[in-house]
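Asks: The following block contains the structure, expressed as structure tokens.
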Amino acid sequence: MACDTDAQCVVVHPPFRWQRGYAEGFVEGVAQRQERWGIPIAVENMFPWRTGASAMQAYLPGPDPREFPYSDVTFDVSHAATAGEDALDMVRDLGDRVRHVHLGDSFGSFKDEHLVPGRGDQRCQEVLEHLVATGFGGVVSLEVGTRKMKPPEREEALAESLAFARRHLGQHDLPGALPA
């Protein structure tokens, strides 16, 4: 389907550890399929599952794509925070392997928060500015949790998120852009 629609990339999560068949050879399988189809398969950074003081490694071969030779990665700011990682350091470490970005903020709680960018304590602005400075040519998708919001609040949160992204990606002059 990705080939038929001329997709820029396919985003995948690493397998859950109980998906043993899928997890076996996952790294090699991603590389083989990417070569075969000619479309980047961007493995997303995830996080350990935590409850109080304990953590469970839910993903195989692991949640941090820096530890594996994936040629393409989806970088999720909120997932980095949930993993206890500094988002800016992580996106710098990933370098030109970043093909796709999920932009959302977080306070780094054990829950994957996906807050409006700028409403948490992650360095969302600096992450976007880094992407611009390094010539990032991929896609930045807003990934903001609005499930518990009422429609007017949801619309405001999404408009704020879009304005934040455009402002820090230097795209505030685009046609139809919301004011900064």
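The values are calculated or read from the model by the stated rules, or taken from the named source; none is laboratory data. What you see is a predicted model; the values in this text were computed from it and never measured. Every residue, glycine among them, receives a Cβ derived from its backbone with ideal geometry; neighbour counts consider all protein chains shown. Each accessible area value is taken on the protein alone, full model and side chains, heavy atoms only, with ligands, DNA and RNA left out. Shrake-Rupley method; radii C 1.70, N 1.55, O 1.52, S 1.80 Å.
Asks: When you scan segment 117-127, do you find a residue that is touching a residue at least 40 places away in the same chain (Cβ under 8 Å) and on the phi > 0 side of the Ramachandran plot, even just one?
Replies: Yes - at least one qualifying residue is present in segment 117-127.
Asks: Cβ-Cβ distance below 8 Å, separation of 6 or more or different chains: which pairs start in segment 14-26 with a residue that is farther than 20 Å from residue 76 by Cα and end on one that is among the basic types (Lys, Arg) and surrounded by 13 or more Cβ atoms within 10 Å (Cβ to Cβ)?
Replies: That search, which allows pairs on different chains as well, returns 23/17.
Asks: Got a number for residues in segment 53-64 being surrounded by 14 or more Cβ atoms within 10 Å (Cβ to Cβ) and either in contact with a Lys or Arg (Cβ under 7 Å, 6 or more places away or on another chain) or β-branched (Val, Ile, Thr) (or both)?
Replies: 3
Asks: Which ones in segment 110-153 are among the charged types (D, E, K, R), open to solvent by less than 80 Å² (accessible area, probe 1.4 Å) and closer than 14 Å to residue 79 by Cα?
Replies: Across segment 110-153, the qualifying residues are 112, 113, 143.
Asks: Only residues that are under 19 Å from residue 124 (Cα atoms) and not aliphatic (A, V, I, L, M): list them for segment 136-166, please.
Replies: 136, 137, 138, 141, 143, 145, 146, 156, 160, 161, 164, 166
Asks: Do we find a residue being modelled with pLDDT under 90, exposed (fewer than 13 other Cβ atoms within 10 Å of the Cβ) and within 30 Å of residue 116 (Cα to Cα) anywhere in segment 29-52?
Replies: The answer is yes, given that some residue of segment 29-52 is modelled with pLDDT under 90, exposed (fewer than 13 other Cβ atoms within 10 Å of the Cβ) and within 30 Å of residue 116 (Cα to Cα).
Asks: Let me ask something else about it. Among the numbered conditions (1) at pLDDT below 90; (2) in contact with a Lys or Arg (Cβ under 8 Å, 6 or more places away or on another chain), tell me where residue 9 comes up short.
Replies: With (1) at pLDDT below 90; (2) in contact with a Lys or Arg (Cβ under 8 Å, 6 or more places away or on another chain) applied to residue 9, the lone miss is (1).
Asks: Next question. What number of residues within segment 155-175 satisfy the criterion of being open to solvent by less than 90 Å² (accessible area, probe 1.4 Å) and at pLDDT 95 or above?
Replies: 12
Asks: Moving on. Would you mind telling me which numbered condition in (1) closer than 27 Å to residue 54 by Cα; (2) outside any helix (DSSP H, G or I); (3) among the aliphatic types (A, V, I, L, M) residue 149 fails?
Replies: All conditions pass for residue 149, except number (1).
Asks: Give the number of residues within segment 26-57 that are more than 19 Å from residue 10 (Cα to Cα), touching a Pro at 6+ places or on another chain (Cβ under 7 Å), of a type in the set (A, V, I, L, M, F, W, C) and not in a strand (DSSP E or B).
Replies: Of the residues in that region, 1 qualify.
Asks: Tally time: how many residues in segment 2-25 are open to solvent by 60 Å² or more (accessible area, probe 1.4 Å), under 18 Å from residue 44 (Cβ atoms) and assigned to a loop (DSSP other than H, G, I, E, B)?
Replies: The total comes to 4.
Asks: Filter segment 66-109 down to the residues that are open to solvent by 60 Å² or more (accessible area, probe 1.4 Å) and either part of a helix (DSSP H, G or I) or closer than 15 Å to residue 124 by Cβ (or both) and list them by number.
Replies: 66, 67, 85, 89, 92, 93, 96, 107
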